[in-house]
2 protein chains.
Amino acid sequence: MTEPDLSVIDQHPYRWGNPNPPPGLPEAIRAALGHLGVRPGARGPAVDLSTVQLPAAVLPEAARSALAAAVGAEHVSTAAEDRLAHTRGWSTPDLLRLRRGDVADAPDAVVFPGTHDEVVDVLAVCARHRVAVVPFSGGTSVVGGLTPARAGFSGVVALDVRRLCRLVALDEVSRTATLQAGLRGPVAERLLNERGFTLGHFPQSFQGASIGGFAAARSAGQASAGYGRFDEMVVGLELATPRGTLALGHAPKSAAGPDLRHLVLGSEGALGVITSVRVRVRPVPASRVYEGWRFPSFAAGTTALRALAQDGPLPTVLRLSDELETAVTLAGGPGGCLVVTGYEGGAAEVAARRAAASAVLAELGGTPLGPEPGEAWRSGRYQAPYLRDALLDAGALAETLETAAFWSELPALRAAVTDALTTALAEAGTPAVVLCHISHVYETGASLYFTVVCAQADDPLAQWAAAKQAATAAILRRGAAVTHHHGVGTDHRAAHAEQVGPLGTDLLRAVKRALDPAGVLNPGVLI
Amino acid sequence: MTEPDLSVIDQHPYRWGNPNPPPGLPEAIRAALGHLGVRPGARGPAVDLSTVQLPAAVLPEAARSALAAAVGAEHVSTAAEDRLAHTRGWSTPDLLRLRRGDVADAPDAVVFPGTHDEVVDVLAVCARHRVAVVPFSGGTSVVGGLTPARAGFSGVVALDVRRLCRLVALDEVSRTATLQAGLRGPVAERLLNERGFTLGHFPQSFQGASIGGFAAARSAGQASAGYGRFDEMVVGLELATPRGTLALGHAPKSAAGPDLRHLVLGSEGALGVITSVRVRVRPVPASRVYEGWRFPSFAAGTTALRALAQDGPLPTVLRLSDELETAVTLAGGPGGCLVVTGYEGGAAEVAARRAAASAVLAELGGTPLGPEPGEAWRSGRYQAPYLRDALLDAGALAETLETAAFWSELPALRAAVTDALTTALAEAGTPAVVLCHISHVYETGASLYFTVVCAQADDPLAQWAAAKQAATAAILRRGAAVTHHHGVGTDHRAAHAEQVGPLGTDLLRAVKRALDPAGVLNPGVLI
């Protein structure tokens, strides 16, 4: 894969950062869609957004001028293109709404503060004028994390942190970097690479998402087995709130009361705006090996992943696709279930780790497929989301969801969610294929990631809402995590509240009141 | 070392769990104390506690009978021996107060609930009657975590969770165990060992401390390099609060909002009573190797520890003593700084890891000392606290404190804290020796642990308070952690508040109000 031109990304930040989405669907996928009853052209083309009229901006003039005073008039925009570019995130329902010209959630203005203190000032202005604030960095939320409840506010602004885009400090002895929130994944990585370091955080949204979003949504990258989750990388952070600044992180770990860093991580813009994080970094790996393995079944593959997660050694990347996803990935391939393993590090260390892990995989029934499936996964790992517009154009509906559980619960959980999705969509008259993979492993459990494809019904938003609701209900019944790495947003808010219970919900509300008494931060998201 | 008889420990839980403290001081230590001006007998013997009159119990009768109704009259004790046994923790100041007969902090009663629901009921009763509650498990706090502020309450009860002492569930596939809070370290370990598993959590307080305390105080065991800190082991927990139950942990990790488990871990009984935790466990290791290395200086040893923490492989136990601590540990030994390495796991894995780590240690200037110093450390690792009574009897003052910081900050931090302690105590006319070690390493930093020994002044409590205050001020000035694994308690409350700032303190207060509106839980501790 050619790495994208970063200067272009900076200018086109609203399509996962990729200015060149694939032009259409591979023929194999097009043929497969036919079997699902997908009929090209049946749903009509997307509305041309340049012709859509945005709702009138209602931001009071006093608020607008106070914001201009805080950040400079040139950094407060009410231009239609800016408002449009900050309308919702990039879930399939978000795409569907935009495609039919629904821009009702557009903010009234977009504010671009340039410093932490300006962010604090903007929040104070918004609290004073009862303006809802949507913290915005990459804009890649797939759970409605950028769709505020407007009711009761005098207006809505998006607070875009893109001007906070510096590598503030690099401590080569402690191996930490202080990164500002607005740094996109590829830019942060480039700045670190230039100094010999890497963050190692590569979620599928990498090209468009940013450091602030990684922290606020507790992101987990595809190399989490080796580099850890983003919440494990963060050793310090700075949060701007309407009541001032919370600066946390005096040591890697301590026993100084509850670790408040974990109250900010995952707070999704509802408690404040993360303006910078101090993260653990690692040297750029000298050696990288990616390869594939075939397992006869998902169960056998799961056992192998569990063995590596519990007894080691852990590859840097470790994934298992079910039979259907394997068939889509390795068209005409060997069948069974594909395991991708990746190793990054020093040459000798990678060789030793790979040999030991390979012995475990072979012992547990794996057949080596060589580097090709691994390299193919690596080079295509950011591409899938870009296919969605082409799928929607073709009349298909495609969306993903994820959960996590303890190892002993995984088989029943996978069956329950798959059954919920297939049943709900079959009942809607649009039989679906449901693919599943494991992409994040822990000693005590793992994630499950589902991809759903079917024909679009007349009302695809209602169609997906029903399927999603059935899946979420199954997850709640099984006591599994409402989300593994997509976050809560508005889509999972009710399920999350049910899972943490009335007391947990009260607790979150109390925390929000303490930091955001006026309740202006991302209203309706998370809490 | 002979493992202690656990049945005896269960009956004698108030002296770190060890019914047989060492009878006196080793001759070498006795001689060394002479050089510090310590004069045996100068301070007089400890008061015989059986002759001490406890303050009159003030618990209102209505509260007492409601507590009896909640847990059964036989599980509410106002006996002097129970009240005395729940008076404060085991810091040296706590010992000093008891030795001079100060039992002013004795609770009015001790309540022993037998189930989670009974704990909830007890808390509701206490909230209704404005009775302060001190959650009590092992009673090993060394930071005043069991010393409540009595003012404004109708009485004080200790809530002892010792009857919650079951291994509730073991999930061998997920490798998790659900342990109740009252299980002492050795008992929990024995129950797991019988099933082939280990927790791997061995803090110095292991023999007396309990599961609930490990969680509530964010304990870090001596094998944290290999097994992780206790807060990293916990995947789920149940918290009883005056407002009901908070049950958390649906998966090893998720992105479902802030990880509220981390708000409970470290909450030190101020937010609720942790009644059980679900923790990650591991198979009992087949192989254990402990050994010693000599480094020419603390700086060289620190560099070696950092190399292992950052580039691996990590031993299971990894410690570095400074020159003075090494001299005390290896009397007549080779000088320099002792590094102890321990490896636990499968035989082949241990052999490979030991070989690779040894190569790093040798490369960075270490000289192997063979197994003896490692095994000596392992067999004596729980003994040091038991020496304190003998030291106090001999007229010496001995206490410890700890902090943590990023690697680049460690040398200056060590110098600043050492200087603060030695200056303060020299100015008091009692020159001190200050020993230092690193016992917990992370990729980005490490802990520093200080042991201070000097002659007792006329008022040893004031003497230590001044030294401790100087050390804490130095830690705050360097921006390091107020505590690495001892916790906040009452001793670090002011420093912790200064470090998290007014907004962080407000946040903690808001959290407390949400769970404990009457403020009866461990008043004055943490918040």
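The values are calculated or read from the model by the stated rules, or taken from the named source; none is laboratory data. Note that the coordinates shown come from a computational prediction; the quantities given were computed from them, not determined experimentally. Methodologically, a virtual Cβ is constructed for each residue, glycine included, from the backbone with ideal geometry; neighbour enumeration extends over all protein chains shown. Only protein heavy atoms, including side chains, enter the accessible area calculation; ligands, DNA and RNA are left aside. Shrake-Rupley method; radii C 1.70, N 1.55, O 1.52, S 1.80 Å.
Per the Debye formula on identical point scatterers at the alpha carbon atoms of segment B:396-436, with no solvent, log10 I(q)/I(0) at q = 0.25 Å⁻¹ is -0.89.
Assuming charge only on the beta carbon of Lys and Arg (+1) and of Asp and Glu (-1), the dipole of segment A:287-381 about its Cα centre is about 140 debye to the nearest 20. Partner shielding of A:227-236 amounts to 2, given as the average count of beta-carbon atoms from other chains within 10 Å of each residue beta-carbon. Taking B:Arg99, B:Arg43, A:Arg88 and ordering them by how much accessible surface each has at a 1.4 Å probe, largest first, produces B:Arg43, B:Arg99, A:Arg88. For the pair segment B:475-522 and segment B:156-225, the centres of their Cα atoms are 25 angstrom apart. Note on segment A:239-371: semi-axes of the ellipsoid equivalent to its C-alpha gyration tensor, largest first and rounded to whole Å, are 39, 19, 14.
Heavy-atom accessible area with a 1.4 Å probe sorts A:Ser141, B:Ser174, largest first, into A:Ser141, B:Ser174. Of the whole protein surface, B:Lys468 contributes about 40 Å² of accessible area at a 1.4 Å probe radius. Measuring only protein heavy atoms, the 1.4 Å probe finds B:Leu508 accessible over about 10 Å². Between the alpha-carbon centres of segment B:56-135 and segment A:282-329 there is a gap of 53 Å. Modelled label positions at A:Arg128 and A:Ala62, each set 7 Å beyond Cα in the direction of Cβ, lie 1.0 nm from each other. Kirkwood radius, segment A:79-194, all distinct C-alpha pairs, inverse of mean reciprocal distance: 15.6 Å. Length, then width, then depth: along the principal axes, the Cα atoms of segment A:385-486 run 42, 28, 17 Å. Which stretch or stretches of segment B:351-374 have amide N atoms under 18 Å from the point lying 7 Å from A:Ala355's Cα along the Cα→Cβ direction? The answer is B:351-360. Quote the Stokes-Einstein diffusion coefficient, in whole µm² s⁻¹, for segment A:167-283, based on the Kirkwood radius over alpha carbon pairs, a temperature of 10 °C and a viscosity of 1.306 mPa s. For the chosen part, D equals 113 µm²/s.
Principal axis analysis of the Cα atoms in segment A:119-178 yields extents of 50, 29, 17 Å, listed in decreasing size. Compactness of segment A:197-256 was expressed as the Cα radius of gyration divided by 2.2 N^0.38 Å, which yields 1.25. With both labels modelled 7 Å from their Cα along Cα-to-Cβ, the A:Tyr386 to A:Ala247 distance reads 4.1 nm. Considering segment B:43-103 at the alpha-carbon level, its Rg and Dmax are found to be 14.5, 47 Å.
The 3J(HN,Hα) values that the Karplus relation (6.51, -1.76, 1.60; θ = phi - 60°) gives for segment B:176-183 are, in residue order, 10, 10, 9, 10, 7, 5, x, 5 Hz. Gly and Pro appear as x. Built from the Cα atoms of segment A:318-451, the convex hull projects on average onto 9.6 nm², one quarter of its surface area.
Across segment B:312-391, Cα pairs under 8 Å and at least six residues apart give a relative contact order of 29 percent. The reciprocal of the average 1/r between distinct C-alpha atoms defines the Kirkwood hydrodynamic radius, which for chain B equals 23.8 Å.
Residue ranges A:69-75, A:56-62 sort as A:69-75, A:56-62 when ordered by packing (mean number of other C-beta atoms within 10 Å per residue, highest first).
Roughly speaking, what is the centre-to-centre gap between segment B:425-453 and segment B:389-405 when only Cα atoms are used, to the nearest Å? Cα centres, segment B:425-453 to segment B:389-405: 11 Å. What you get for the protein assembly as shown, charging only the Cβ of Lys and Arg (+1) and of Asp and Glu (-1), is a dipole of about 580 debye around the Cα centre. Here the Kirkwood formula puts the hydrodynamic radius of the protein assembly as shown at 30.3 Å, using every distinct Cα pair. Spin-label pair A:Arg509-B:Glu372: with each label point 7 Å from Cα along the Cα-Cβ axis, the two points sit 6.7 nm from one another.
Rounded to the nearest whole angstrom, the semi-axes of the ellipsoid equivalent to segment A:274-330, taken from the Cα gyration tensor as √(5λ), stand at 29, 15, 14, largest first. Taking all Cα pairs closer than 8 Å and separated by 6 or more residues, the relative contact order of chain A comes to 17 percent. Computed per residue of the protein assembly as shown from DSSP H runs no shorter than four, each worth -39500 (n - 2.57), the mean residue ellipticity at 222 nm is -11000 deg cm²/dmol. For A:Lys468, a cut-off of 23 angstrom between C-alpha atoms picks up these lysines, skipping any fewer than 8 places away in its own chain: B:Lys253.
In chain B, a dipole from Cβ-located charges (positive for Lys and Arg, negative for Asp and Glu) runs towards its positive end, and of B:Pro431, B:Phe197, B:Gly212 it is B:Gly212 whose Cα lies farthest in that direction.
Apply the a/c threshold of 1.5 to the C-alpha gyration tensor of segment B:453-527 and tell me whether it is rounded, prolate or oblate. Here segment B:453-527 falls in the oblate category.
Legend: residues B:Arg319, B:Arg97, B:Arg243, sorted from most to least accessible area (1.4 Å probe; ligands, DNA and RNA excluded), read B:Arg243, B:Arg97, B:Arg319. Taking the average, over residues, of other Cβ atoms within 10 Å as the packing measure, peptides B:452-463, A:327-338, B:108-119, B:175-186 rank B:175-186, B:108-119, B:452-463, A:327-338 from highest down.
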